[in-house]
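Written below as structure tokens is the structure these notes are about.
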Amino acid sequence: MSGISFVLNIARGALYAQQQGIAVTSHNIANVNTTGYTRQSMNFENLGLENNTSRLQLGLGVLADSVSQYYDRFVTQNIHQKTSEQMQTQTELANLRKMQGLFNDGVGTGLSQPLAEFWNAWQDLANNPSGIPERTTLLHKGEALAERFQTIHTELTRIRAEMNTNLGASIQELNQLSAQVAELNVKIVASEATGTTANDLRDQRNLVLEKISGLIGNVRLDNADGSVTVMTTNGLLLADRAQSWSLSQSGNAITWGDLPADISRELAGGKIGGYLNLRDEIVPEYVANLDELAGTVIAQVNPIHVTGFTLAGETGKNFFDTTVFNPLDFTGAAGFIKLSADVKDTPGNVAAATALADPGPPPVPLPGDNRNALNILNIQTNTALVIRKWSYQNRQAVVPAGTLTASLDDYYRTLVGDVGTLTAGKGRNEEFNQTVMDNLQELRDSVSGVNLDEELTELIQLQSAYKAAAKLVTSADELFETLLNM
């Protein structure tokens, strides 16, 4: 088939192939700023020989065979894994910083100042046990301490409720993304049934998978037909080929598909894992220890106060309210701590004395008796208090991790220190994960990212090849003209 027409056929194929190559390069340039786009390249194939038995073995030119991606599966999967870890850490860190602000004594939002002022008020009363101004100040300081406990407890409860609300929104988003993966699976399988690769659809799916990784830890399995299977790290299917499964939230319970069992403890990673850790582990632990501190204050002050005598010589008065107080279980104590009706707005009912004057009646405390006030004041410096220290692990309440033998102030400082230590640790993890993420992104961009300098160089090469192919057409035309003029 050699001859002038043979040259024209080769030139025609070359023109078409280089034109297709220019189209791919143009596509790369157009998507230089498109999130999730993977650089593509035209694969050219030598058409081989015209006749293998002939003495002259002539090639048939070039064919634009396929379009491939510069895609590193290992790096991409590592990015998805780190995205899951980073989003969980960032979610926890942001809310831990809110919690840390609740205990920030430097700006006056913690308990150190109200506690100190409460004990100082008892000291002032001990210095002047019959003074109404000192008693009134003590009641004000007691109310201020109770209000600070309640405020911190309310804010921690609000944060926990907020985590549950955010969790519901993230679950809805996850369900939508899982459905998108199934839809893209169908499109990709149909598109690649002819032997081509659906590069742009695969880019869309990878972008969806990265968003899923930001919501929850997952495992991706590539199927032979071009589809993917996505499941949580504990094996719950989210998408498989054309099918997807949804999570549902009811109260604090999360269910999968049609199964009624609560699977919230099986979910980890991403924003969802962070919200669950905060809701079921981190916040409840600090609420429990705050309750323990408030409950210990009530349990230490009231038994001493109730044995003392008021200015009117009465006894049996509680300082803090005990309406819903359980001396064996301090759950909720920080939320309901308040002055009792015995002393509220009645400064004379503060029991500063330990004995009555003789004779009576009427019964009156011994003049200047401040011993009961001193006994209550001694609670502040009592380092032999045994206070329970609660720990929540695996998103469930466990037995107390132990007890602290310390003063109330020391216990509070330990609580604040725990919040600070956990926040600092999450901050270091966030910085480390971000460094790893940046390195992985840089590595992926070096492989998959569009480099305009490289694309322009490729464009010049393809243009030159196209011009050369066009020159073949011109040369063949001249050859035909020479024959016709013979």
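Where a number appears in this text, it was derived from the coordinates with a stated rule and is not lab data. Since the structure is predicted, the reported quantities are computational estimates derived from the model, not experimental observations. Virtual Cβ from ideal backbone geometry, glycine too; neighbours counted across all protein chains shown.
Farthest toward the positive end of the dipole of the chain, out of LEU58, TYR71, LEU145, is the Cα of LEU145, where the dipole comes from beta carbon charges about the Cα centre.
How big, on average over all directions, is the shadow cast by the Cα convex hull of the range 285-336, in nm²?
Working: hull surface 14.4 nm².
Mean projected area of the Cα convex hull: 3.6 nm².
Could you size up the charge dipole of the range 58-195 around its Cα centre, putting +1 on the beta carbon of Lys and Arg and -1 on that of Asp and Glu, and report it in debye to the nearest 20?
Values: 10 positive and 15 negative charges, 16 e Å.
Rounded to the nearest 20 debye, it is 80 debye.
Any chance you could tell me what percent of the C-alpha pair distances in the range 232-309 go past 17 Å? Don't skip to the end; give the middle numbers.
Details: 1872 of 3003 pairs.
Looking at the range 232-309, the distances longer than 17 Å represent 62 percent of pairs.
Since only GLN204, ASN223, LEU259 are under comparison, the one whose Cα sits farthest along the positive direction of the charge dipole of the chain, derived from C-beta charges on Lys, Arg, Asp and Glu, is LEU259.
Close amide-amide hydrogen proximity is noted between VAL67 and ASN43, THR197, each under 5 Å apart and 5 or more residues distant or on a separate chain (H modeled in the peptide plane; Pro and chain starts excluded). With q set to 0.18 Å⁻¹, the log10 of I(q)/I(0) for the range 77-133, from the Debye formula over equal scatterers at the Cα positions, is -0.74.
With neighbours defined as other Cβ atoms within 10 Å of a residue's Cβ, the residues ARG97, ARG73 order from fewest to most as ARG73, ARG97.
Computed from backbone phi, the HN-Hα couplings of the range 226-241 come to x, 7, 10, 10, 10, 9, 5, 4, 9, x, 7, 5, 10, 7, 8, 6 Hz, rounded to whole numbers (Karplus: 6.51 cos²θ - 1.76 cosθ + 1.60, θ = phi - 60°; Gly and Pro given as x). Close Lys pairs in the chain, defined as Cα atoms under 23 Å apart and 8 or more places apart or on different chains, number 17. Taken along its principal axes, the alpha carbon cloud of the range 354-474 reaches lengths of 133, 30, 21 Å, longest axis first. With the highest mean first, a sort of the peptides 262-275, 296-309 on other beta-carbon atoms found within 10 angstrom per residue produces 262-275, 296-309.
On a C-alpha basis, how far is the centre of the range 406-462 from the centre of the range 259-334 in Å? Whole number, if you could? Between the Cα centres of the range 406-462 and the range 259-334 lies a distance of 37 Å.
Annotation: amide H of ILE254 within the under-5 Å range of ILE263, SER264, sequence separation 5 or more or interchain, hydrogens built in the peptide plane. Summary value for the chain: 21 percent relative contact order, contacts being C-alpha pairs under 8 angstrom separated by 6+ residues.
Shape summary of the range 103-152, radius of gyration then Dmax from alpha carbon positions: 11.7, 36 Å. One Cα centroid belongs to the range 1-46, the other to the range 119-189; the line between them spans 62 Å. The convex hull built on the alpha-carbon positions of the chain has an orientation-averaged projected area of 33.0 nm². Converting the Cα gyration tensor eigenvalues of the range 187-325 into ellipsoid dimensions via √(5λ) gives semi-axes, longest first, of 60, 13, 9 Å.
Please give me the summed charge of the neighbours of GLU162: other residues whose Cβ is under 15 Å from its Cβ, Lys and Arg +1, Asp and Glu -1.
Numbers: positive: ARG97, LYS98, ARG158, ARG160, LYS271, ARG279; negative: GLU92, GLU155, ASP280.
With Lys, Arg at +1 and Asp, Glu at -1, the neighbours total +3.
Taking every Cα-Cα distance in the range 263-354 and sorting them into 10 Å bins from zero, the calculated P(r) comes out as 17, 33, 22, 14, 9, 6, 0 percent. Considering every Cα-Cα pair within the range 22-118, what fraction, in whole percent, is farther apart than 24 Å? Here the long-distance tail beyond 24 Å is 64 percent of all Cα pairs in the range 22-118. Backbone phi angles across the range 171-176, fed through the Karplus curve with coefficients 6.51, -1.76 and 1.60 (θ = phi - 60°), yield HN-Hα couplings of 5, 4, 5, 4, 4, 5 Hz in residue order; Gly and Pro are listed as x. Each stretch of four or more DSSP H residues adds -39500 (n - 2.57); spread over every residue of the chain, this sum gives -19500 deg cm²/dmol at 222 nm.
Listing GLU478, GLU134, GLU155 from fewest to most neighbouring C-beta atoms within 10 Å gives GLU478, GLU155, GLU134. The mean of 1/r over all distinct Cα pairs in the range 70-167, once inverted, gives the Kirkwood hydrodynamic radius of 17.1 Å.
Backbone N atoms of the range 299-341 closer than 16 Å to the 7 Å Cα→Cβ label point of HIS140 are not found in any residue.
Can you tell me the dipole magnitude for the chain around its Cα centre, using point charges on the Cβ only (Lys, Arg +1; Asp, Glu -1), in Debye to the nearest 20? Intermediate results must be reported in sequence, preceding the final value.
Values: 34 positive and 53 negative charges, 55 e Å.
Magnitude of the dipole: close to 260 debye.
In order along the range 27-40, the phi-based Karplus estimate (6.51 cos²θ - 1.76 cosθ + 1.60, θ = phi - 60°) of 3J(HN,Hα) comes to 4, 4, 4, 5, 9, 4, 10, 7, 5, x, 6, 10, 4, 10 Hz; Gly and Pro are listed as x. Between LEU58 and GLU50, ASN51, the built amide H atoms are under 5 Å apart, and every one of these is 5 or more places off in sequence or on another chain.
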